[in-house]
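A.B. asks: One structure, pasted below without further comment.
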Amino acid sequence: MKIFSAVLLAMLLFAPAVRSQAHPQKGGHEIELWTGGGRGANGSASNTGVWNVGARYGWVLTRPHGPGFLCGSFEYAVDVVPVFWVFQPANTAYGFSLNPMALKWNFKTRGRVVPYLELGGGVLFTNHQVPTGTSRVNFTSGGALGMHILRNRFNWSIELRYLHISNAGLAARNPGINTVQLRLGLGRFTHGRRDDRHDSAP
């Protein structure tokens, strides 16, 4: 918790640095540093905690489209997670995760709040078996509901994330861990190409 608090404090101090943040635009990119944590949500895993820190790079692939309040732009992103702690009763496992598939829908808004939905998955390598007695290699899948709050040149993100950890049959036992996490991020959207900005203008 001390490390978690220190990361949040650093984000608070760094956030107001500069000005003019872009909305998600076709041809633009998302760059973000994030941290999150939570607990297991099922049976024996309810006394298992997780905490992770990662970086994201995303590509906004489309202009806003879709009906009414569902109108938004599609983004593909990759997360690298060099810090992934799993606090389980038998031990604390440290791991590294790579999430090569994050499929994200950024809803179109005119204000500073940009809601989004996300689905994704990846792989997790740990120095201890997760859960204990299973495997040190697991796969992750899940989804998130969140929002970006555009402030100055950077933006905050806050989301509620469901993450499933499973070895997919690599070990004889595969009970899996379902976790619910709160994730906070600090990042920015870069501007798209000039023609894309023109095409997406109202």
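A.B. asks: Please list, ordered by first then second residue, the pairs with beta carbon atoms under 8 Å, 6 or more apart or interchain, first in segment 73-86 and touching a residue at least 40 places away in the same chain (Cβ under 8 Å), second of a type in the set (D, E, K, R) and assigned to a strand (DSSP E or B).
C.D. replies: Listed by first residue and then by second, the contacts come to GLU75/GLU30; GLU75/LYS104; ALA77/GLU30; ALA77/ARG56; ALA77/LYS104; ASP79/ARG56.
A.B. asks: Can we say GLY49 is of a type in the set (Gly, Ala, Ser), touching a residue at least 60 places away in the same chain (Cβ under 8 Å) and under 20 Å from ASN138 (Cα atoms)?
C.D. replies: no
A.B. asks: So, in segment 134-154, exactly how many residues are touching a Gly at 6+ places or on another chain (Cβ under 6 Å) and either modelled with pLDDT under 95 or surrounded by 20 or more Cβ atoms within 10 Å (Cβ to Cβ) (or both)?
C.D. replies: 1
A.B. asks: Would you point out which residue out of LEU160, LEU170, LEU184 is free of Cβ contacts under 8 Å to residues at least 24 places away in the same chain and among the hydrophobic types (A, V, I, L, M, F, W, C)?
C.D. replies: On inspection, the qualifying residue turns out to be LEU160.
A.B. asks: Give the residue that is surrounded by the fewest Cβ atoms within 10 Å (Cβ to Cβ), with candidates limited to residues of segment 42-68 that are modelled with pLDDT of 90 or more and among the hydrophobic types (A, V, I, L, M, F, W, C).
C.D. replies: LEU61
A.B. asks: Which of the residues that make up segment 69-104 are not in a strand (DSSP E or B) and not aliphatic (A, V, I, L, M)?
C.D. replies: PHE69, CYS71, GLN88, PRO89, ASN91
A.B. asks: What are the pairs with Cβ atoms under 6 angstrom where one residue, in segment 120-140, is under 22 Å from LEU160 (Cα atoms) and part of a strand (DSSP E or B) and the other, located anywhere, is aromatic (Phe, Trp, Tyr) and modelled with pLDDT of 95 or more? Sequence gap at least six, or different chains.
C.D. replies: Note: pairs meeting the criteria are VAL123/PHE139.
A.B. asks: With the requirement that a residue be under 13 Å from the mean Cα position of the chain (by Cα) and surrounded by fewer than 20 Cβ atoms within 10 Å (Cβ to Cβ), what does segment 69-101 give you?
C.D. replies: Matches in segment 69-101: TYR76, VAL78, VAL80, LEU98, PRO100, MET101.
A.B. asks: Here's something else I'd like to know. Scan segment 34-41 and tell me whether some residue there is among the β-branched types (Val, Ile, Thr), surrounded by fewer than 19 Cβ atoms within 10 Å (Cβ to Cβ) and either at pLDDT 95 or above or not in a strand (DSSP E or B) (or both).
C.D. replies: No, segment 34-41 contains no residue that is among the β-branched types (Val, Ile, Thr), surrounded by fewer than 19 Cβ atoms within 10 Å (Cβ to Cβ) and either at pLDDT 95 or above or not in a strand (DSSP E or B) (or both).
The values are calculated or read from the model by the stated rules, or taken from the named source; none is laboratory data. Values in this document were obtained by computation on a predicted structure and should not be read as measured data. Cβ coordinates were reconstructed from backbone atoms using ideal geometry, including for glycine residues, and neighbour counts include every protein chain displayed.
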